[in-house]
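The next block holds one structure in the form of structure tokens; read it before the comments.
Bear in mind that the values in this text are calculations on the coordinates, not laboratory data. Bear in mind that the values here come from a model prediction, so they are computed numbers and not experimental data. Note: ideal-geometry Cβ built from the backbone for every residue, glycine included; neighbour counts use all protein chains shown.
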Amino acid sequence: MSKREIKVYSDLSGANAVWADKIRKLREEKGIVMLNLIGSPGCGKTTLLEKTVESLTAKQRFAVLEGDIATTRDAERLHKLGVMVSQLVTKGACHLSAKLVHKAFVDLPLDELDMVIVENVGNLVCPAGMDIGETAKVAVLSVAEGEDKPAKYPRLFREAKGVVITKTDLLPYVSFNMEACLDDIKQINGTIPVIKVSAKDGSGMGEWVKFLTSFSKNQH
Amino acid sequence: MHEFGIAQELVKTVLAELKKLDDSAKLTCVKVVIGKLQEIVPENLTFAYESLTEDTRIKGSKLEIVDIPVTVKCNACGWEGEVVGIAFLCGKCESHDVRVVKGMELYLDKLEVEVDE
């Protein structure tokens, strides 16, 4: 018996990267912007989208891909508002894989769309490391979660092209240190825009929709 | 638990590599290189690897994980250095305009096998 060392150098994101590239290529060909919303369970991603529908519809032709571990509830909420929406059920997986997103993406009427918003599975870790061929990742964080989340999950905030701080109407009732949170975000990703919104009282929603449309080439 | 998906890809890759060798080749160690920004918990990856290899010819092989710290390069002055804590900024001119040059690695580096002479 003798020992041998075999150099391999094989990328372990291999299979996912192939599907992500397929999405990216098709997306660019069709001129579609894809935004990947990532945040904790309960940070208000679906509510934010519900309140975005009216003002975004006037500016962009868009569809939503809803990620969920087990249910179709979020898609039903948006469907009621007349949004073109598909539910992606991961059956237990903690993030959307590019393969699953691709399946839903190619089923959309791509020639009639400017934008696809993906609401990822509620999770600050796994979706951050998963390329789904998106234009940009957007981090969503609610004031109810505490200001330490960016420092605890730096990858997401480093990769994101924008941060939305939601539920600002709750600020008087929770001990959320906005200054410390903004400072940590700046440390991790100094050039990133931060938008503070309350889907409940509507504050910051104009800035949020402006941020979304800033990625799109097709302005209506 | 994104470690499980990564372990699946790893086991698939390792088994494919072993097929290229003689049947008597026994895998002793697998070395993977993982950047800190991948936010991988080594214990979880090891657990997933051990579970997934249970009924395969590579059962009992050791998984060695090499951890790569996060390094950034300043777009303004060219300084390059390790990120301390969460401070993704230049250690010289303090600019926030930096790019990550190390810490995103995720690859199978090498295999150690025992072969009959």
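Would you list the helices (runs of 4 or more DSSP H) that sit entirely within the range A:1-104 and hold 3 or more residues that are under 27 Å from residue B:39 (Cα atoms) and within 14 Å of chain B (Cβ to nearest Cβ)?
In the range A:1-104, the matching helices (runs of 4 or more DSSP H) lie at A:14-30.
Filter the range A:147-156 for residues that are within 11 Å of chain B (Cβ to nearest Cβ) and in contact with an Asp or Glu (Cβ under 8 Å, 6 or more places away or on another chain) and give the result. Step through it out loud before you land on a result.
First, pick out the residues of the range A:147-156 that are within 11 Å of chain B (Cβ to nearest Cβ): A:148, A:150-156.
The answer is A:148, A:150, A:151, A:153, A:155.
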Quiz item: Of the residues in the range B:34-49, how many are among the hydrophobic types (A, V, I, L, M, F, W, C), more than 9 Å from chain A (Cβ to nearest Cβ) and touching a strand residue (DSSP E or B) at 6+ places or on another chain (Cβ under 9 Å)?
Solution: 1
Quiz prompt | Residue list for the range A:105-146, filter: among the charged types (D, E, K, R), crowded, with 21+ Cβ neighbours inside 10 Å and within 14 Å of chain B (Cβ to nearest Cβ) | solution = A:137
Self-check item: Single unsatisfied condition, residue B:22 versus (1) farther than 14 Å from residue B:63 by Cα; (2) facing chain A (nearest Cβ under 9 Å)
Solution: (2)
Quiz item: Just one of B:113, B:101 is within 22 Å of residue A:17 (Cα to Cα) and either within 13 Å of chain A (Cβ to nearest Cβ) or part of a strand (DSSP E or B) (or both); which is it?
Solution: B:101
Exercise. Output yes when any residue across the range A:159-180 is small (Gly, Ala, Ser), within 14 Å of chain B (Cβ to nearest Cβ), within 30 Å of residue B:3 (Cα to Cα) and crowded, with 21+ Cβ neighbours inside 10 Å, and no when none is.
Key: yes
Self-check item: Subset of the range B:54-98 [outside any strand (DSSP E or B) and either among the β-branched types (Val, Ile, Thr) or touching a residue at least 24 places away in the same chain (Cβ under 8 Å) (or both)]
Solution: B:56, B:57, B:58, B:61, B:69, B:70, B:75, B:83, B:86
Self-check item: When residues of the range B:66-81 are limited to those that are in contact with a Lys or Arg (Cβ under 8 Å, 6 or more places away or on another chain) and of a type in the set (A, V, I, L, M, F, W, C), the one farthest from residue B:101 (Cα to Cα)
Solution: B:66
